[in-house]
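Below you'll find the structure, written out as structure tokens, and then a few comments.
The values are calculated or read from the model by the stated rules, or taken from the named source; none is laboratory data. Since this is a predicted model, take the numbers as computed values, not measurements. Ideal geometry is used to build each Cβ from the backbone, glycine not excepted, and the neighbour counts take in all protein chains shown.
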Amino acid sequence: MRIRRDEIVKILEAGNVNWIITDLDGNVLSISNNLGELLGFEKNKRKRILSKRIFELTNVIYPYGESIYVPEKETWFQVWEVGRESSSLQKFYVIGIKFVKDGAENVLFLLFPLVDSGQGFLGFFGANLSHLMGVIKNLPIIVLQISRSGKILFVNEYINTIAGWDIEELVGEDLTEKLLPEEVKDETIQILELGGEGDWTPPSTIEVEILTKSDERLLIQWACLPLKLGNDSEETLLMLGQEISSKIRGKFISKCTKLLRSRCQWLCDEVRKGIIEEEAFENLLKSALEISGLEAGLMYKIVGNKAVMVVSSEIDKDILEKVGEVKLSNPEVEKILSTDDILELEVNPEEEFSGNFSKEGFVKIFAVPTFVGEKPVAFSLFLTSRKEVLFEEYDNFLRMFSCEAKWLYAWYTVQEVQKRQGRQYELLEKMLPYALLAIDESGTIISCNKGGLKILGVDSDEDVLNKEITEFLPGWDSLVQNLKSSDDLKAGEINETEITNAKGDKIPVEAIVGYFFLASRSFYLLFLRDITWRKQAIEALQKAEERYRELFENANDIVYTHDLKGKFTSLNKAALSVTGYTKEEAENLTVYDLVAPEYIEEVKERIRQKLVGAPPTKYELEIIAKNGERIPLEVSTRVIYEKGIPVGIQGIARDIRDRKRAEQERKRLEAQLLHTQKLESLGILAGGIAHDFNNILVGILGNAGLAIGKVPEDSPIRNYLKRIEESAQRAAELTNQMLAYAGKGIRVQQLVNLSTLVKEMMPLLSAVISKKAQVELDCAPNLPLIQADPTQIHQVLMNLVVNASEALGDNPGRILIRTGLSELTEDQIKKFYFIEQVPPGEYVCLEVSDTGCGMSPEVMSKIFDPFFTTKFFGRGLGLASVLGIVRSHGGTIKVYSEVGKGSSFKVYFPVFRKVGEVREEVKRTEKDESKILAQWQGSGTILLADDEPEVIEVAGDTLKEHGFYVVYARNGKEALERFKEDPDKFVGAVLDLTMPEMDGYEVFNEISKIKPDMPVIICSGFSEYDISKRFSEKKPAGFIQKPYNPLELIKSLKNALEGK
């Protein structure tokens, strides 16, 4: 439709309409007065606007990405932003109409404010309303007018073209019932405020699906214009829609990206003019939202350990208070800043951060991080309530936004520094991360920033200045071919090209050339951005596929896939290796052919659970290899989806044969360790009992000894007392066995040749061995020495031989006694009867074996327990004491027995390798020494401390009998207090080692500080060898082990006082 000049005049004169007339090159030919005032041009300076081009004054924001001019159409509809400054931009609904003037085609643009003052734009036209409606009816977009209740008042013919509806089928019908799918009705009613009261303020643009007459769906983007045709008339809503489904949406997003680039070029001009940081970011964010159709957004800047919101758009005030600041330690923020790539996040009501947005109905977040180098400096969030919005569609758009956001952050960071230094442009040029070069009209480089030096591969600007740009950019001439014009300033389009740097490397770049005219000369600014990453993205995708295939094939674990029927679709090399099948054989198998029969139902059930949404889990099963071997596996599976439909299962399985063996070994070690701990506990118990029993025996032996001393030699009572003393001595031997089991027995260390010791004992052993037993002796010559207590080794050998003889009973049999040298490994030690922390190495072995009745495993597990015996007359301490002695010597034992075949005991003692002091065996006391001690008399005061009443009474009486004055103490604290009262009066002290409040060791140290030369004797139920370890710095003058008789006490005291 062509409209002539006279028709235009009728429309323009009908009311106070905003209008602009331009030629097809964009030059402004005429403009209405009120629009000129809006743009800031006074009436007397109105001619200045005629030197402008319409592109400098406007921006198309609907349809997104569309040029101001639509060559293939006679009339069209758009939404513009109009203004010279970003702060004064206003939005207008615009109708473009081509017309002929003086033989040339021109365009009339009619502009109607987005928010009308009440009259409504149709009211401007008065009598020409029908003419304008005729224009609207023929627009190639859907034009729909509805009432506040949702009733359709008007629809144009385009609805039939796009959706198949006749106008008569829709006019008078309810919009929501006739055109909207069921699931979007309620949401649309709420968004458009249909049926409501008060001010009607629907959004300016929305995306809503409609139904065609054949029940297909079309996604339509609507521009909404409230109309009121007169002050008293009913409010209506004019909705103008364009389809953005399928391919159209792809083109739409592409146009959005181009439009954002165009808008950002305009924004860059505004930034250079000095608009504040918040305003620049707000313009960028709002432009992105308006262009893309995304519903809301926020931009954050990182300050310290938190992210602070810089600007936001379309976010409720209450939500902003909660998300204005967020810690960088927040899991969702950590995820956003963990990569410099764009992320899609689901809004989770349970999350501390994103959960706030769920209250406004948002379901998705597109997160755009901003990095400078490797450091994150900011991030932006775009929110949508539409689940159908795809991340892939907006990827390029958001990348463009990311680049521009990075540029803005860099610019304002530079600005902040430059304000302090006063060198704004120079610093920007140096800090800009991209290449910026100035080139004269002959093509010679006249300046280059650091980004340029980097991309051109040189170290300093001297390497590029005065060189031809074509050396680096062969396509320079094509970039500037159409750039020169009569304008002082002009920017070219973004082009992808390739440069060759000084090193000969070819680098793909994005290039923008700007032209300016100064002092009668032409100059160019060349902006280069390295887009290697973009080119590499496709290669990376291909490599990722190859890498996945390589990882799949060479993974140590089994990786496989199968369809929903269980038929294998792929298996890697590890799977073929473990199962033993070839690839061709495996392709004809199902997973149920490999799984052991008892696991098949479990596998089927787990697949069923996965298909209904069960989370990934690990479980164990067994498969049967080609050779029949059962192989335990740990399996983890997930469902494979194609276009949202499950098509198969992917599994990762690990061969856990080694783990199973390790678990069996661990259980074996735990069982052995538990047994060792049991023996240790019993040892502690036995030692404790023996210690307490020794205190009682001191009273018995002491009192018996004192009584014997007071009874005449020919008295019959003396024999009774001797029997009491002998019984007490046998009880003392029993306690020594218990102490030996606990590893606390008397130990006199010396170097011993085990073979020699065994040979020396043979006459004594012959007396206890059954006459029906055949004894074989096999002693290795030249055995290494061991450090041991010979008496305790005698006890070990005697107990083992006696047990072997008793195992034969009245039956003939063989007993083997053997010595030798063995090299024990760590694995051998682990398999022994009990575990001790003995190191691998050389050990001297004493073996005693028999062909007797043998032992069951149950009996073997208890043979070292104290008081356990299988004999009627036994006490059950023989092998218990053997165990304690071997452990105290740092050795170990290996036991083997079978019922009816006999038993073998192998005792291992570590070889002595150190040269040092070895204590000599204590010689036994001469018999005549007893008479000397009985007659010996001392003098002075003795401090006697013991917490056992029987002990202290016997010891006190003994000391008094031999001429001493005794000061008693019942505990260590009391003993120290008595000593401190008058230290000089004491000639010696007898202290029990274990006493309440302070023990003998502590009292001894305190006495030594006060009177270091006073002799002190320590008493204990444990051996001197074990006790001496505590007295590392200063040793006591003497030691006496409980139980003792009076003469032993006097002997120890006499030696201490005489300094022996």
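Pick from the stretch 356-384 the residues that are among the hydrophobic types (A, V, I, L, M, F, W, C) and either in a loop (DSSP other than H, G, I, E, B) or not assigned by TED's automatic domain parsing to the domain that holds Glu334 (or both): which of them is nearest to the chain's Cα centre (by Cα)? The qualifying residue nearest to the chain's Cα centre (by Cα) is Val363.
Exactly one residue out of Glu325, Glu352 is acidic (Asp, Glu), at pLDDT 90 or above and not assigned by TED's automatic domain parsing to the domain that holds Lys454: that is Glu325. Set side by side, the residues Glu392, Glu388, Glu426, Glu416 differ, and just one is loosely packed, with under 14 Cβ neighbours inside 10 Å, closer than 27 Å to Val464 by Cα and modelled with pLDDT under 75, which is Glu426. Among the residues of this structure, Leu821 counts as one that is farther than 17 Å from Gln795 by Cβ, among the hydrophobic types (A, V, I, L, M, F, W, C), at pLDDT 90 or above and in contact with a Pro (Cβ under 7 Å, 6 or more places away or on another chain).
Kindly establish whether Ala614 is farther than 27 Å from Lys660 by Cα, out of contact with any Gly (no Cβ under 7 Å at 6 or more places or on another chain) and at pLDDT below 90.
Details: farther than 27 Å from Lys660 by Cα: yes; out of contact with any Gly (no Cβ under 7 Å at 6 or more places or on another chain): yes; at pLDDT below 90: yes.
So Ala614 passes the test.
If you check Leu289, Leu267, Leu345 for being surrounded by 15 or more Cβ atoms within 10 Å (Cβ to Cβ) and either under 19 Å from Val377 (Cα atoms) or at pLDDT 85 or above (or both), only one passes: Leu345. When Gly1000 is tested against (1) of a type outside the set (Asp, Glu); (2) in contact (Cβ under 8 Å) with a residue 12 or more places away in the chain; (3) out of contact with any Leu (no Cβ under 7 Å at 6 or more places or on another chain); (4) within 24 Å of Asn694 (Cβ to Cβ), exactly one condition is not met: (3). Among the residues of the stretch 355-370, those identified as at pLDDT 85 or above and either in contact with a strand residue (DSSP E or B) (Cβ under 9 Å, 6 or more places away or on another chain) or over 16 Å from Leu298 (Cβ atoms) (or both) are Phe357, Phe362, Val363, Lys364, Ile365, Phe366, Ala367, Val368, Pro369, Thr370.
Test Glu209 against the criterion of being touching a Leu at 6+ places or on another chain (Cβ under 9 Å), assigned by TED's automatic domain parsing to the domain that holds Tyr93 and acidic (Asp, Glu), and give yes or no. Step through it out loud before you land on a result.
Working: touching a Leu at 6+ places or on another chain (Cβ under 9 Å): yes; assigned by TED's automatic domain parsing to the domain that holds Tyr93: yes; acidic (Asp, Glu): yes.
Spelling it out, Glu209 is indeed touching a Leu at 6+ places or on another chain (Cβ under 9 Å), assigned by TED's automatic domain parsing to the domain that holds Tyr93 and acidic (Asp, Glu).
Listed by first and then second residue, the pairs linking a residue in the stretch 70-88 that is assigned by TED's automatic domain parsing to the domain that holds Ile141 and over 13 Å from Ile54 (Cβ atoms) to a residue that is among the basic types (Lys, Arg) and at pLDDT 75 or above, with Cβ atoms under 7 Å apart and 6 or more places separating them unless they lie on different chains, are Glu74/Lys98; Val79/Lys91. Scan the stretch 963-971 and give yes if some residue there is part of a loop (DSSP other than H, G, I, E, B), within 25 Å of Gly709 (Cβ to Cβ) and outside the structural domain of Ser727 (by TED's automatic domain parsing), otherwise no. Yes. Within the stretch 338-350, being touching a strand residue (DSSP E or B) at 6+ places or on another chain (Cβ under 9 Å) and not in a strand (DSSP E or B) holds for Ser338, Thr339, Asp340, Asp341, Ile342, Val347.
When the stretch 773-792 is filtered for residues that are surrounded by 14 or more Cβ atoms within 10 Å (Cβ to Cβ) and of a type outside the set (A, V, I, L, M, F, W, C), the ones remaining, listed by number, are Pro784, Gln787, Asp789, Pro790, Thr791, Gln792. Scanning the stretch 991-1043 for residues that are under 55 Å from the mean Cα position of the chain (by Cα), outside any loop (DSSP other than H, G, I, E, B) and hydroxyl-bearing (Ser, Thr, Tyr) returns Tyr1001, Tyr1025, Ser1028.
How many residues does the stretch 188-206 contain that are surrounded by 15 or more Cβ atoms within 10 Å (Cβ to Cβ) and either of a type in the set (A, V, I, L, M) or not in a loop (DSSP other than H, G, I, E, B) (or both)? Even if it seems obvious, please write down each step before you answer.
Residues of the stretch 188-206 that are surrounded by 15 or more Cβ atoms within 10 Å (Cβ to Cβ), as a first pass: 188-189, 191-194, 200, 202, 204-206.
Next, from what is left, pick out any that are either of a type in the set (A, V, I, L, M) or not in a loop (DSSP other than H, G, I, E, B) (or both): 188-189, 191-192, 194, 205-206.
Qualifying residue count, the stretch 188-206: 7.
Selection within the stretch 531-580: residues that are under 19 Å from Ile640 (Cα atoms) and among the β-branched types (Val, Ile, Thr). The member of this set that is surrounded by the most Cβ atoms within 10 Å (Cβ to Cβ) is Ile558. Regarding Leu751, is this residue surrounded by fewer than 16 Cβ atoms within 10 Å (Cβ to Cβ) and at pLDDT 85 or above? Spelling it out, Leu751 is indeed surrounded by fewer than 16 Cβ atoms within 10 Å (Cβ to Cβ) and at pLDDT 85 or above.
Restricting attention to the stretch 580-595, the residues being farther than 19 Å from Ile649 by Cα and of a type outside the set (D, E, K, R) number 3. In summary, Ile162 fulfils each of the numbered conditions (1) assigned to a helix (DSSP H, G or I); (2) aliphatic (A, V, I, L, M); (3) under 20 Å from Thr236 (Cβ atoms) with the single exception of condition (3).
Annotation: Lys1051 fulfils all but one of (1) in a strand (DSSP E or B); (2) within 24 Å of Gln792 (Cβ to Cβ); (3) touching a residue at least 24 places away in the same chain (Cβ under 8 Å); the unmet one is (1). Of all residue pairs spaced 6 or more apart or on separate chains, none has beta-carbon atoms under 6 Å together with a first member in the stretch 329-344 that is outside the structural domain of Ser380 (by TED's automatic domain parsing) and a second member that is outside any loop (DSSP other than H, G, I, E, B) and crowded, with 16+ Cβ neighbours inside 10 Å.
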